[in-house]
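Okay, structure first, notes after.
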Amino acid sequence: MSKNTLRQLSNTLSVLFALTVNILASALPLNGQNTGEISDRFQIYFVPAGYVFAIWGIIYIGWIAFAIYQFLPAQKENPRLQNLGFLFALSGIFNAAWLFCWHYNQFGLSVLVMLALLVTLIASYLKLDVGRRAVSAAERWCVDVPFSVYLGWITVATVANITDWLFSVSWSGWGLPAQTWAAVMIAVASLLGVLMALTRRDAGYLFVLVWSFIGIAVKQAEFPLVANSAWAAAALAGGLAIYSMIQRRR
């Protein structure tokens, strides 16, 4: 079996494995706990409304689209996919591993796994050179967009995961109120959006931030500092997304 064929099979099997674990996590559920129910234990402010998590449906579709596209005979020797190597397959393993950590209340370990997933996706994004390579429409929708959306969501999820863990260990926040820290984290995420707009013109990544920030604003409506920060961040990310789309068309 050639290395390219092995890579194609690994990516496909990783998608099947990650999808299966994600489905079972809710269907069983793992350790008798639903993913959302665990999240509700943490009284934090950097968390969006429940409907926002529907974005996983889009991410799953992106996984499937990528798995099918990269498995096509014509893509076996695609230079970009060869350069990606086995990173995508590794990300599927980390995704499934995080669910086991989360459902079995290993929150500190879940942060480490989430960080490993984030680093893997960043490496994948850079290997693919998303936003800087001229590609066909099919490759853009089956490779670039799925990775942009996935990376955007995991960026937000990593911040939330770390915040959950800090709450679980009763971190004092160096004396600052939790709402203030939420506003700071929103500002940090917004800065990442600015960097993505200026360096990659990646509207897909930015629209994920818009979706997430609006969800936070809706969820935390009774806390003005957090809600107003989230609305402002959503407006900024939305403007940057439109700017990115215009620049890419030019």
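The values are calculated or read from the model by the stated rules, or taken from the named source; none is laboratory data. Quantities reported herein were computed from a predicted structural model and do not represent experimental measurements. As a convention, Cβ positions derive from the backbone with ideal geometry for all residues, glycine included, and neighbour counts pool all protein chains shown.
Tabulated data
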| item | result |
| --- | --- |
| Test result for Ser229, at pLDDT 95 or above, under 19 Å from the mean Cα position of the chain (by Cα) and surrounded by 15 or more Cβ atoms within 10 Å (Cβ to Cβ) | no |
| Unmet requirement for Trp153, which otherwise passes all of (1) over 28 Å from Ile64 (Cα atoms); (2) in contact with a Phe, Trp or Tyr (Cβ under 9 Å, 6 or more places away or on another chain) | (1) |
| Pairs where the first residue, in segment 213-226, is at negative phi and the second is in a loop (DSSP other than H, G, I, E, B) and among the polar types (S, T, N, Q), C-beta under 6 Å, 6+ apart | Val226/Gln220 |
| Tally, over segment 76-86, of residues that are part of a helix (DSSP H, G or I) and surrounded by fewer than 20 Cβ atoms within 10 Å (Cβ to Cβ) | 4 |
| Hits in segment 28-48 (condition: touching a Gly at 6+ places or on another chain (Cβ under 8 Å) and either touching a residue at least 40 places away in the same chain (Cβ under 8 Å) or surrounded by 12 or more Cβ atoms within 10 Å (Cβ to Cβ) (or both)) | Pro48 |
| Looking only at segment 145-181, and only at residues there that are more than 18 Å from Met114 (Cβ to Cβ), among the aliphatic types (A, V, I, L, M) and in contact (Cβ under 8 Å) with a residue 40 or more places away in the chain, the one that is surrounded by the most Cβ atoms within 10 Å (Cβ to Cβ) | Val145 |
| Those residues of segment 228-250 which are free of Cβ contacts under 8 Å to residues at least 24 places away in the same chain, assigned to a helix (DSSP H, G or I) and over 24 Å from Ala187 (Cβ atoms), in sequence order | Ile246, Arg249 |
| Qualifying residue in segment 61-70 (condition: surrounded by 13 or more Cβ atoms within 10 Å (Cβ to Cβ) and within 30 Å of Thr163 (Cα to Cα)) | yes |
| Every residue from segment 34-66 that is polar (S, T, N, Q) and in a helix (DSSP H, G or I) | Thr35, Ser39 |
